[in-house]
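Each remark here refers to the structure printed beneath this line.
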Amino acid sequence: MWRTRKSRGLVALLAMLTLAGCGETPTGRSQLALVPEGLMAEMGGDAFAEMRRQRPLARDPVANRLVQCVAREVVAAAEARYPQAGMPEAWEVVVFDDPSPNAFALPGGRIGVHAGLLRVAETPDQLAAVIGHEVAHVLADHGNERVTQQLGIKAVLLVVGLFSEGELAGEGLRQALGIGARLGIALPFSRAHEEEADQMGLAIMATAGFDPRQSVALWRNMAKAGGGQPPEFLSTHPAHGSRIEALERRMDDAMAAFRAASKAHCTG
């Protein structure tokens, strides 16, 4: 009888938490994200620190200045464009000495850019398209949503303290967060996440004063770099043709924001 009452109470509590965890992303899409933000930020910070210890950092001062400048402008624009979204208090940006054309952003405000991306993103505007996309993942809380989806009931139990953080702070949570694979991205975001990040990233780069038309050029470069296939970290993105079509459908609004913005001036 006691176990039955406990089970019923737990079910009721989980139902309440599920309802409480339902929210909306900055674009208005319904979202279920139940893991405490503090834990998400801690996990992102720990994983990023581990990457910094294990991976060589790019020493090219020109590349570092460019990435830092573009990231700074993009983050400021993201905060201005989506003031209702929760923003990390500070952002850490690192260029890794890795030839693959990849980038990622982790909860808590950590941005990693592979040096190889700078051979595909040929202009600061194109680099802003990638960083804007990655920052959008953080603003839209996609990592939390993905952890909730991947861990299911355990993520909810974590919220009520029925599991300790240690029980989730292992490989399961790291993979759900998208951390730990050779290229820094373990489990790709869903198609919905990627399309939302594309939409938000376009608006963010335009608000930052980067030419949104360069986003189309960037993804064409990505297609060439992948030999007709997207790089690994874009494996769940729409096909390049449909992506470009979606960007072009939003281009009028993006260009209006770009014309109203102070033009970004980032060089190496």
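The values are calculated or read from the model by the stated rules, or taken from the named source; none is laboratory data. Note that this is a predicted model, so its numbers are computed, not measured. Methodologically, a virtual Cβ is constructed for each residue, glycine included, from the backbone with ideal geometry; neighbour enumeration extends over all protein chains shown. Surface areas here come from the heavy atoms of the whole protein model, side chains and all, with no ligands, DNA or RNA. Shrake-Rupley method; radii C 1.70, N 1.55, O 1.52, S 1.80 Å.
Per-residue answers, yes or no, for (1) of a type in the set (K, R); (2) open to solvent by 60 Å² or more (accessible area, probe 1.4 Å); (3) under 16 Å from the mean Cα position of the chain (by Cα):
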| position | (1), (2), (3) |
| --- | --- |
| T27 | no, no, yes |
| E37 | no, yes, yes |
| R53 | yes, yes, no |
| P61 | no, yes, no |
| A78 | no, no, yes |
| D97 | no, yes, no |
| A103 | no, no, yes |
| G108 | no, no, yes |
| A115 | no, no, no |
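For the stretch 63-145, the strands (runs of 3 or more DSSP E) that sit wholly inside it and include 1 or more residues that are at pLDDT 95 or above and aliphatic (A, V, I, L, M) are 92-96, 110-114. Answer yes if at least one residue in the stretch 25-48 is farther than 24 Å from H193 by Cβ and either part of a helix (DSSP H, G or I) or at pLDDT 95 or above (or both), and no otherwise. Checked against the condition, which is being farther than 24 Å from H193 by Cβ and either part of a helix (DSSP H, G or I) or at pLDDT 95 or above (or both), the stretch 25-48 yields no hits at all. The single condition among (1) open to solvent by 20 Å² or more (accessible area, probe 1.4 Å); (2) closer than 21 Å to V120 by Cα; (3) at pLDDT 80 or above; (4) part of a helix (DSSP H, G or I) that I204 does not meet is (1). Can you confirm whether T18 is in a loop (DSSP other than H, G, I, E, B), among the β-branched types (V, I, T) and either open to solvent by 40 Å² or more (accessible area, probe 1.4 Å) or at pLDDT 80 or above (or both)? Spelling it out, it is not the case that T18 is in a loop (DSSP other than H, G, I, E, B), among the β-branched types (V, I, T) and either open to solvent by 40 Å² or more (accessible area, probe 1.4 Å) or at pLDDT 80 or above (or both).
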